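Read through the structure below, which is laid out as structure tokens, and then see the notes.
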Amino acid sequence: MRKLWQRELNKFLLICITGGILGWSIDEPWAGAFFGLFLYVGWLLLHIKELATWLENPTLDNAPEASGLWGKVLDNIYHIHRKHQSRIKKLKKTIEISRLSTNAIRDAVVLINPDNTLEWWNKAAKHYLGLRRSTDRNHVITNLLRDPKFVSYFESGEYRNGINISSPINTSIILHITLSYYSRKNRILIARDVTHLHHLEQMRKDFVANVSHELRTPLTVIKGYIETFLDLITPDENAGLHRGLSQVQQQTERMEVLVNDLLLLSKLETGASKAALKPVDITALLQQIYHDADRVNDVKKHHITLTIDNQTTLLGDVSELHSAFSNLIFNAVKYTPENGKIDIRWWQNSKGAHLSVIDNGVGIDPIHIPRLTERFYRADPSRHAKTGGTGLGLAIVKHILRHHEGVLDIQSTSGEGSNFTCHFPSRQLVS
Ligand code: ADP
């Protein structure tokens, strides 16, 4: 490059000096040198014009040719241009592939701008969500998908769990919608057809609800007869028969509790309406459960304390809250060996209201904690024969909290004790 530059400078000086010598012959050396400079600039302008014309339509066939420094400049521009062209080609190919692949996806995919307007969507979005390219681009998504469940999910900004809604163009199609952020505030919506799964799930719920309901009457009849038989036979008359009947009575009562828990769970799963929520005096409710727990504390003699930091009225269903809180408190009683310590505490802060039930009982191995709220999941199956629970308690607690927009947090250390905390958001508090 330095050589080329040197040669170009030499060429320039040579033209100017030759012009100067020729001008000297007519006593005008400066005019001659200036004429040489003029010729050089003219030559440069000619090349610039050629370059400008070529840059308007830069193909290989019409590329300008030159030698020396100017030729090098043209060569470099030509190579940069070729690289740029090949990058554009690759980019176009990538865009085309992603367009074809997203169109081939069976799930609806919609890209949403930070101002909530639609940017782009695939073919399936037209089929499931009824979006039309001609009219819906740049429209606000919540004006097109107006389902209140979707609107509140979209506006919440909390997209960890998706939601199920009916398709706006065909209500028999159930869609599972998930939103995620990509590149700062842009969002991607994915809608999957889960109609089949939804029907299966509905069948399962109906089956459990129906079976539980149907079992109630025969259980009541069996219970009634057993009570009558036990009244008729005293242990002195027939000790074996009396013992047998007492065991049948115990198991019937367990079955009744199980059936009632299953029915409650089905009711909670089928989505009890928010309209049923009324102001609940938490202090009165907790004191009632505390006294019930204290009453059954004769055998284990735990030290149970109840601390209420704030008098709270919570928007809720009193019988559901009773069921959730007593499940946690009675579990603490059940899973804490004699003379244990159980602290029940209710408090409020800027995030909402909270109930913690802390015991120094058997505790739970951390591997079990994520699955504890599944039905019939037990951390220690061998223990449940002794405690006699249904295995549905924490599943019920989870559903009740969900109905109250709350969450359950479980902290536990095996052998040291557990801390079950219910968190309710501020919007559930009645001021
Ligand atoms: P169960 O009827 O078996 O008590 P739950 O759903 O109420 O069913 O609880 C599920 C499991 O969680 C229990 O079987 C037990 O292993 C564990 N668990 C619940 N509460 C406690 C607690 N306070 N301490 C230790 N383990 C507990």
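The values are calculated or read from the model by the stated rules, or taken from the named source; none is laboratory data. If you're wondering where the values come from, they're calculated on a predicted model, not measured in any experiment. Positions of Cβ are generated from backbone atoms using ideal geometry, with glycine treated the same way; all protein chains shown enter the neighbour counts. Areas reflect the complete protein model, heavy atoms only, side chains present, ligands, DNA and RNA absent. Shrake-Rupley method; radii C 1.70, N 1.55, O 1.52, S 1.80 Å.
The lysines within cross-link reach of K123, meaning a Cα-to-Cα straight distance under 23 Å and a gap of 8 or more places when in the same chain, are K92, K93.
Here is the list for the range 320-408: GluC sites (Glu not before Pro) lying in DSSP coil, each with at most 10 other C-beta atoms within 10 angstrom of its C-beta, are E338.
The range 1-58 and the range 294-330 have Cα centres lying 99 Å from one another. For the set R187, R371, R2, the ranking by accessible area, highest first and with no ligand, DNA or RNA atoms included, is R2, R371, R187 under a 1.4 Å probe. Of all aspartates and glutamates in the structure, those lying under 12 Å Cα to Cα from K267, and not within fewer than 8 positions of it along the same chain, are D206, E320. Of the GluC sites (Glu not before Pro) in the range 107-179, the ones in a loop by DSSP (not H, G, I, E or B) with at most 16 other beta carbons within 10 Å are E158. Largest mean-square fluctuation among I88, I369, I21, in a Gaussian network model of the chain whose springs join Cα atoms under 10 Å apart, belongs to I21. Placing dummy labels 7 Å off each Cα toward the beta-carbon, the span from D75 to S431 is 7.7 nm.
Within the range 243-263, find all residues whose amide N lies under 15 Å from a label point positioned 7 Å from the Cα of R378 along Cα-to-beta-carbon. The answer is 251, 254-255, 258. Which of Y377, Y182, Y153 ends up with the largest GNM mean-square fluctuation for the chain, with Cα atoms connected below 10 Å? Taking springs between Cα atoms under 10 Å, the residue moving most is Y182.
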